[in-house]
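For reference, the structure discussed in these notes is given below.
The values are calculated or read from the model by the stated rules, or taken from the named source; none is laboratory data. Here the structure is a predicted model, which means the values were calculated and not measured. When we count neighbours, we look across all protein chains shown, and the Cβ atoms used for this are built from the backbone with ideal geometry, even at glycine. Accessible surface is based on the protein model in full, side chains and every heavy atom, while ligands, DNA and RNA are left aside. Shrake-Rupley method; radii C 1.70, N 1.55, O 1.52, S 1.80 Å.
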Amino acid sequence: MNRFNPLRRVLLRAGALAAVALAAPLAGADPLPADSLYRLPVALKDSQGRQFDWRALAGRPLLVTMFYGDCNAACPIIIENLRRTVEQVKPAPGRLAVLMVSLDPLYDTPASLARLASSHKLDPAIFRLAVAAGETQTRAMAGALQIKYRAVSNGEINHTTRVCLLDAGGKLLAASTQLSPLPDPAFVAQIRLALK
């Protein structure tokens with residue numbers, strides 16, 4: 001036989017009210033679009049040693065790509081292309097971010113990424129070099145960005161070249177696969193359009 005317990009009733013009611021109060025802000029928040037790449041949680045550590053989730057970059061257009069620090073072929077070209085692209089676009093302060101995520105979480109460290117950013121004279125107000133916690137997170141990010149890669153026996157990583165432009169909500173607006181130190185004019189036009 002269940003007996004009426006006034007304390008239990010008060011506790012149940014308080015729990016229900018707390019659940020409603022916690023859910024209310026979430027219900028009013030704008031959900032991410034169905035095709036947002038920010039639906040994928042990826043924990044990263046940047047060249048300053050700060051841990052963050054890449055979804056924290058939402059709210060403004062983002063250029064994002066993947067590379068690795070010891071690359072002597074495509075990656076220096078990608079970095080130079082992004083540096084020149086940003087120079088050509090001339091975004092207002094705080095309007096555009098660039099995220100470059102390592103394909104090599106075993107060997108790329110915050111310190112090595114900091115040296116790389118410094119050697120390429122990348123503006124820290126715009127560029128953020130980062131590495132995921134491990135191979136699983138790296139593969140998830142590469143899959144979301146449609147970047148294919150594989151390690152080869154000599155320690156190099158074969159990978160596709162792709163820079164993605166995301167809108168403030170993480171939706172893919174455009175991508176460039178051009179491998180040249182010079183900016184891709186069509187991609188620059190898409191970036192300018194996203195910044196309007």
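Return yes when Arg55 is closer than 22 Å to Leu195 by Cα and surrounded by fewer than 19 Cβ atoms within 10 Å (Cβ to Cβ) and no when it is not. Working first, answer last.
Numbers: closer than 22 Å to Leu195 by Cα: yes; surrounded by fewer than 19 Cβ atoms within 10 Å (Cβ to Cβ): yes.
Here the answer is yes, as Arg55 does meet what is asked.
Would you mind finding the one in Leu165, Leu172, Leu179, Leu193 that is under 19 Å from Arg83 (Cβ atoms), not charged (D, E, K, R) and not in a loop (DSSP other than H, G, I, E, B)? Spell out how you get there, then give the answer.
Details: Leu172 fails: under 19 Å from Arg83 (Cβ atoms); Leu179 fails: not in a loop (DSSP other than H, G, I, E, B); Leu193 fails: under 19 Å from Arg83 (Cβ atoms).
One residue alone meets the criteria, Leu165.
Please enumerate the residues belonging to region 139-176 that are out of contact with any Asp or Glu (no Cβ under 9 Å at 6 or more places or on another chain) and closer than 22 Å to Lys90 by Cα.
At the first step, the residues of region 139-176 found to be out of contact with any Asp or Glu (no Cβ under 9 Å at 6 or more places or on another chain) are 139-150, 152-154, 158-162, 164-168, 174-175.
Once the filter is applied, which keeps residues that are out of contact with any Asp or Glu (no Cβ under 9 Å at 6 or more places or on another chain) and closer than 22 Å to Lys90 by Cα, region 139-176 yields Arg162, Cys164, Leu165, Leu166, Asp167, Ala168, Ala174, Ala175.
Let me spell it out: the conditions are (1) more than 29 Å from Gly169 (Cβ to Cβ); (2) part of a loop (DSSP other than H, G, I, E, B); (3) under 19 Å from the mean Cα position of the chain (by Cα); (4) in contact (Cβ under 8 Å) with a residue 60 or more places away in the chain, and Ala114 meets all of them except one. Which number is the exception?
In the conditions (1) more than 29 Å from Gly169 (Cβ to Cβ); (2) part of a loop (DSSP other than H, G, I, E, B); (3) under 19 Å from the mean Cα position of the chain (by Cα); (4) in contact (Cβ under 8 Å) with a residue 60 or more places away in the chain, Ala114 misses (2) alone.
Would you point out the residue of region 153-171, among those that are in contact (Cβ under 8 Å) with a residue 40 or more places away in the chain and more than 19 Å from Ile78 (Cα to Cα), that is least open to solvent (accessible area, probe 1.4 Å)? It would help to see each step written out before you state the result.
Taking region 153-171 as the starting set, the residues that turn out to be in contact (Cβ under 8 Å) with a residue 40 or more places away in the chain are 155-157, 159, 161-171.
Among the residues that remain, those that are also more than 19 Å from Ile78 (Cα to Cα) are: 155, 167-171.
Numbers: Gly155: 54, Asp167: 43, Ala168: 43, Gly169: 21, Gly170: 0, Lys171: 83 Å².
My answer is Gly170.
Given (1) more than 22 Å from Gly143 (Cβ to Cβ); (2) modelled with pLDDT of 95 or more, where does Ala97 come up short, assuming only one miss?
Going through the list (1) more than 22 Å from Gly143 (Cβ to Cβ); (2) modelled with pLDDT of 95 or more, Ala97 breaks only (1).
Restricting to region 18-45, what's the tally of residues that are open to solvent by less than 90 Å² (accessible area, probe 1.4 Å), at pLDDT 50 or above, among the small types (Gly, Ala, Ser) and farther than 30 Å from Ala111 by Cβ?
Step one: filter region 18-45 for residues open to solvent by less than 90 Å² (accessible area, probe 1.4 Å), giving 18-19, 21, 23-25, 27-29, 32-33, 35-38, 40-45.
If we keep only those that are at pLDDT 50 or above too, we end up with 29, 32-33, 35-38, 40-45.
Now restrict to residues that are among the small types (Gly, Ala, Ser): 29, 36, 43.
Among the residues that remain, those that are also farther than 30 Å from Ala111 by Cβ are: 29, 36.
Summing the residues that are open to solvent by less than 90 Å² (accessible area, probe 1.4 Å), at pLDDT 50 or above, among the small types (Gly, Ala, Ser) and farther than 30 Å from Ala111 by Cβ in region 18-45 gives 2.
What is the number of the single condition among (1) within 14 Å of Thr85 (Cα to Cα); (2) of a type in the set (A, V, I, L, M); (3) loosely packed, with under 14 Cβ neighbours inside 10 Å that Ile126 does not meet?
So Ile126 meets the others, but not (3).
Would it be correct to say that Glu87 is open to solvent by 40 Å² or more (accessible area, probe 1.4 Å), among the acidic types (Asp, Glu) and at pLDDT 95 or above?
Numbers: open to solvent by 40 Å² or more (accessible area, probe 1.4 Å): yes; among the acidic types (Asp, Glu): yes; at pLDDT 95 or above: yes.
In short, yes.
Go through region 125-152 and count every residue that is in a loop (DSSP other than H, G, I, E, B) and touching a residue at least 12 places away in the same chain (Cβ under 8 Å). Give the derivation first.
Going residue by residue through region 125-152, those that are in a loop (DSSP other than H, G, I, E, B) are 125-126, 133-134, 146-148, 152.
Among the residues that remain, those that are also touching a residue at least 12 places away in the same chain (Cβ under 8 Å) are: 125-126, 133-134, 146-148.
The total comes to 7.
Being at pLDDT 95 or above, polar (S, T, N, Q) and over 14 Å from Leu82 (Cα atoms) is true for just one of Ser153, Ser112. Which residue is that? It would help to see each step written out before you state the result.
Details: Ser153 fails: at pLDDT 95 or above.
Result of the check over Ser153, Ser112: Ser112.
Mind counting the residues in region 75-91 that are in contact with a helix residue (DSSP H, G or I) (Cβ under 9 Å, 6 or more places away or on another chain) and touching a residue at least 60 places away in the same chain (Cβ under 8 Å)?
4
Where the second residue is among the charged types (D, E, K, R) and the first is open to solvent by less than 60 Å² (accessible area, probe 1.4 Å) and lies in region 184-195, which pairs have Cβ atoms under 7 Å and are six or more apart or on separate chains?
Ala194/Asp167; Leu195/Arg95
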